[in-house]
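The values are calculated or read from the model by the stated rules, or taken from the named source; none is laboratory data. As the structure is a prediction and not an experimental result, all values here were calculated from the model. Positions of Cβ are generated from backbone atoms using ideal geometry, with glycine treated the same way; all protein chains shown enter the neighbour counts. These area figures cover heavy atoms from the full protein model, side chains too; ligands, DNA and RNA do not enter into them. Shrake-Rupley method; radii C 1.70, N 1.55, O 1.52, S 1.80 Å.
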Amino acid sequence: MSVSRIPARVSTRAALAGGIALSSVVLLSGTAFAHVSVQPQGEAAKGGYATVNIKVPNERDNASTVKLEVNFPLDHPLASVMPQPVPGWKAEVTKSKLDKPLELHGKKINEAVSKVTWTADGSGIAPGFFQTFPLSLGQLPEDVDQLVLKSIQTYSNKEVVRWIEEQKEGAEEPQNPAPVLKLSAASDDHHGGGATAPSATATASASAGEKAGHDGKAGDHEEKAAAASSSSSSSDTTARILGVIGILVGVAGVAFGVLAGRRRSA
């Protein structure tokens, strides 16, 4: 056996092994990530409202996705689920009766959204593409850290894929995992809970009362505000003038340097 051939064989085997490993990584990563998922736009805080995207990739190379069904848990019901119009798709919202009424903004609600179904009006999601379906959700529950949105994907060849398997702690990701919306800690500025902005009427009344109680000082405040505005305007004008002067000085310096260089060369 020639010694010169050994490196070539070793190189060939290494390249083959590397190709197999790379292919395995690509296949595994495709399996792990190519599934229906839910992604919030910004923050999905407990007790607040959020806009989320249901992301649906097409995993088949011989069929299009023509229908999607997303289910919402009724043990943590959402009183408001509104889909955003998606061109080429028709959305249908289904509500169900609640065993225990839900109280929202001082009102009792006896039913909540249990399912949203999108059906393609045209060709649907073609192979090699994905589609997002935006939803406005609220009021999000305060006693859980996540919402499991079990989904069903239907293809044009009648194949149905059920994304309904829940992730168990410490276990590997299931083959068809259900989309999970992670909820962040509650904040005081979310709509529907915590601190809320005062109404326009209350703001106007407060402003009128304050003006009535400070008539003697209103003129002083206006004069101070006008003086501050004038001072700020004057400062801006001065700064602009100084900036222009600086630019002109710089240009003059460059021109002087060029002329001096020419004189020396001459």
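Pick from Asp61, Asp121: which is over 18 Å from Trp163 (Cβ atoms), in contact (Cβ under 8 Å) with a residue 12 or more places away in the chain and touching a Lys or Arg at 6+ places or on another chain (Cβ under 7 Å)?
Every option except Asp121 fails the conditions.
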Of the listed residues (Lys115, Lys158), the one being at pLDDT 90 or above and not in a loop (DSSP other than H, G, I, E, B) is Lys115
Scanning segment 110-123 residue by residue, the ones that are open to solvent by less than 40 Å² (accessible area, probe 1.4 Å) and over 22 Å from Asp145 (Cβ atoms) total 4
